[in-house]
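Note sheet for the following structure.
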């Protein structure tokens, strides 16, 4: 393909410094350059240290929630130090500032969680320790295996794998998409979504820019994947309607097909003892239907579940 490096706009892509975040930024740059016939040199990667990467000994929900992954990149975007920011969408708040546009969502990777340390949930030894900092993973595991103890695991993929190897826990759970992007596809046992629900937006990469930056929005539109956007829009709409935050144990999955979306969700109490499930298939643009689905889940939720779905984050 003929390149147009001399005339192509220069785009500065902001990214967190973790290996996974950098891999996602490299994928974004490669897709942009392939779509436009650019030389890679015209898309600059700008690593930024996020607040969530600085503190590893406390649960994310205790330190400010998902904003810890977005605050620094938002600031750089507002100041014009970067033109766009690459995010794991499951780490991005459902309500974003009006001046920010979600200009592109890349094709969704494997949505599943992967179990490390055992070949299946049933084969985990009695009383084993699950290392995780995710309320969803902790509650969903305790729902299936009340005997399992949950211990705090923070850090990037390599750090958590090293903690498991060191015996800080017996098993842990990681996103299949993250392992794949880091070249670790053969690690662990993927958990099928019919048995174990992923986080809303899991496996999806989003690229945000300033809403008034028409040139960058146009450039990013070329790599937007419509089916993935349909799924993620539905999942995020339900999460917003639920009032879900970093404290909210919720598993969810939307599957887009010909303009319709099949949606499955489960809400849990913190200890996993209480659970409410729901399924629906509706038009992807049916905002009222998505809100009604969320309302039905909350109406059927026990007080122990409902208390965890009160604020957005």
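The values are calculated or read from the model by the stated rules, or taken from the named source; none is laboratory data. This is a predicted model, so every value here is computed, not measured. When we count neighbours, we look across all protein chains shown, and the Cβ atoms used for this are built from the backbone with ideal geometry, even at glycine.
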- Taking the condition out of contact with any helix residue (DSSP H, G or I) (no Cβ under 8 Å at 6 or more places or on another chain), crowded, with 18+ Cβ neighbours inside 10 Å, modelled with pLDDT of 95 or more and not assigned by TED's automatic domain parsing to the domain that holds residue 93, does residue 244 pass? no
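Just to be sure before I move on: is residue 113 crowded, with 18+ Cβ neighbours inside 10 Å and under 15 Å from the mean Cα position of the chain (by Cα) in the structure I sent?
Working: crowded, with 18+ Cβ neighbours inside 10 Å: yes; under 15 Å from the mean Cα position of the chain (by Cα): yes.
The answer is yes for residue 113.
Restricting the stretch 247-265 to residues that are part of a loop (DSSP other than H, G, I, E, B) and in contact with a helix residue (DSSP H, G or I) (Cβ under 6 Å, 6 or more places away or on another chain), which is nearest to residue 287 (Cα to Cα)?
Looking at the filtered set, the residue picked out is 249.
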- Message: Taking the criterion of being free of Cβ contacts under 8 Å to residues at least 24 places away in the same chain and crowded, with 17+ Cβ neighbours inside 10 Å, would at least one residue in the stretch 286-301 satisfy it?
- Response: yes
- Spot the failing condition for residue 102; the list is (1) assigned to a loop (DSSP other than H, G, I, E, B); (2) closer than 22 Å to residue 252 by Cα; (3) modelled with pLDDT of 95 or more, and only one is missed. (1)
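Would you point out the residue of the stretch 275-285, among those that are buried (at least 16 other Cβ atoms within 10 Å of the Cβ) and over 22 Å from residue 138 (Cα atoms), that is modelled with the lowest pLDDT?
My answer is 284.
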- Note on the structure: Checked 222, 234, 258, 266 against criteria (surrounded by fewer than 24 Cβ atoms within 10 Å (Cβ to Cβ) and closer than 25 Å to residue 100 by Cα); the one match is 222
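I want to confirm something. Restricting to the stretch 171-196 and keeping residues that are part of a loop (DSSP other than H, G, I, E, B) and touching a helix residue (DSSP H, G or I) at 6+ places or on another chain (Cβ under 8 Å), which single residue is modelled with the lowest pLDDT?
185
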- Message: I want to confirm something. Restricting to the stretch 136-165 and keeping residues that are under 23 Å from residue 122 (Cα atoms) and part of a loop (DSSP other than H, G, I, E, B), which single residue is modelled with the lowest pLDDT?
- Response: 153
- Message: Just to be sure I understand the filter: pairs with C-beta atoms under 7 Å, separated by 6 or more residues or on different chains, first member in the stretch 200-229 and part of a helix (DSSP H, G or I), second member surrounded by fewer than 19 Cβ atoms within 10 Å (Cβ to Cβ) and at pLDDT below 95. Which pairs pass?
- Response: 215/9; 219/9
- With the condition kept exactly as written, say whether any residue in the stretch 198-207 is over 14 Å from the mean Cα position of the chain (by Cα) and modelled with pLDDT of 95 or more. no
- Message: Restricting to the stretch 70-87, and then to whatever is buried (at least 23 other Cβ atoms within 10 Å of the Cβ) and touching a helix residue (DSSP H, G or I) at 6+ places or on another chain (Cβ under 8 Å), can you tell me which residue is farthest from residue 18 (Cα to Cα)?
- Response: 83
